[in-house]
Structure formats: C-alpha cells, structure tokens
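Notes follow once the structure below has been shown.
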Amino acid sequence: MHVDKFRLWARRTFAAYSGCVAYVETIDDAGNVGCGSSFHVGDGVFVTARHVVERRTITAVGFDDFAVGQEFLRDRLNWGKQSHGQVRIVQGPVFHSNELVDVACFRIKPYPNAFMPLGGHLDCYLVQHELVLYRTLLMGYPSIPLSSKPTLVASSGEVNALIDLYVGGHPHFIISTMARGGFSGCPVLVAYNEDNLNSGTAVLGIVTQSLVDDQKSTESGYLAVLTVEPIYTCLEQNNMLPIGQGYE
C-alpha cells in the first residue's frame, strides 16, 4: 500500500506538537469576546499575534488536549480550575518594540514539557521563492459554528509564495491553508528536509492576517504567515528567549 510520506509527516508532527498550541480568550472594554491562538516555545513562554491581546483583557488560556490536561492535574496547585486545561499567566503579555510588528508573548504556569523549535530562516537568508512548495502544518483555534468549546484544528498545506507587505518590515509567507477567523497567532511548521522527514521540522512563522481586498470575508483572502526573525526579536527584547531556542 502506498504511503503518502507528507501525510505521515503531518500526522507525526501533530502528535508531537499539538499539546504546545493554546487558545487565548479575550474581551475588550466594550464587552466584545475574541479567541485567538498561541504556541509554546519553551520555559512556559507562549507566542501569539499582537492584535490578539493588545488593548484586550485575557480571560482564559487553555488547551484542547487531554494529555496536557492530565499533566497539569498532577500538580495540586492546579486542582479546582473552572475549565479543563486552563492555566494562569505569570508574565506579560509583552510586545515587539515596533508597534507595526504583529507579535506578542507571555509566560504561563503550568506549561507543557514539549515546545516548538523556531526555524533558522532569518530575514537575511530569505531570497525570492525561498521555501516555496515546502510542506507545512498549521495548528490553531478558529471559530467553529455550534462548537461548545475551543477545538484544535490542524491543516496541512504548502508554501505558495514569499512576499513583502507595505507595513511591518519583515517577509511573510503565503500558505495554501484557507484563512479563517481565530487562526491569528497560530504556529505554522515547515518540513525543512523533504528527503528525511524525521528531522528538520521547525516553526516557519506565525499567522497574522488574511490578505483581502475591499472588505471581503476573511476566508476569501490569502493566509499570511510572518516569518520567525521578529519572534526572536520580541523574545530577546523582553528577556524571554527560552533556553533551547537559537538561530542555528
């Protein structure tokens, strides 16, 4: 029987890192509720999109992952939480120093043992068509009509293009996954080494926006993924770069 090696990579990667992705529920001063995504990069530090948390109050951070919930429940300090898998923020959120860069981070306790490795494709290494047609895996918490709680959604795809936007000053990848509300802050993982899919998986970047014209729906746009360099910068600026993350 033929085995699609990329589908196998996606399934293995999902199994390894799904517990690193958390939802972030927020509310603004007008009472409008929102939900975005975030991901663990080590030492309890989570990265999300700036617009998910800026000028909003975080009401919950949690996981749709039974194993993560069970891990938290081993600590007596976490007993009696109102919702399965929820945690407390102990630092942040803090932001990239450039207000046009859509990156923020915060620290939680307790946190999963696993974390996502950030890629080494800094801006200076990226040239036209860099990583185009490389395979990707997105994980996050889009809004699902009639769902009773935030549910982790995974979608495999590929890099379609590398572009520069008018704002932000960093390259963005366009990926084939359909844009949806709630994907903001999602991690996108990339298979660096297609000859050996057991190695070389890392974070390609963070979902920041859907590129649309004329106020069209989010789902009609291209899904834009901000590359990793501003993530490193935000973490370093706020003294939150975890041990185990580097530029290599």
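Given a 1.4 angstrom probe, what's the average accessible area per residue across segment 105-198, in square angstrom?
49 Å²
Show the residues, 5+ positions off or on another chain, whose built amide H is closer than 5 Å to the amide H of C186.
Amide H to amide H, under 5 Å and 5 or more residues apart or across chains, C186 pairs with S37, V207.
Set the Förster distance to 30 Å, then compute FRET efficiency between H129 and T151 from the Cβ-Cβ distance, nearest 0.05.
0.30
Going highest first, how would you order 226-233, 156-163 by mean Cβ packing within 10 Å?
226-233, 156-163
By per-residue mean of other Cβ atoms within 10 Å, what is the highest-first order of 57-63, 165-171, 203-209?
Those peptides, ordered most packed to least, come out 203-209, 57-63, 165-171.
The values are calculated or read from the model by the stated rules, or taken from the named source; none is laboratory data. Everything quoted here is computed from the prediction, not taken from an experiment. Ideal geometry is used to build each Cβ from the backbone, glycine not excepted, and the neighbour counts take in all protein chains shown. In case anyone asks, the SASA skips ligands and DNA or RNA and just uses the protein heavy atoms, side chains included. Shrake-Rupley method; radii C 1.70, N 1.55, O 1.52, S 1.80 Å.
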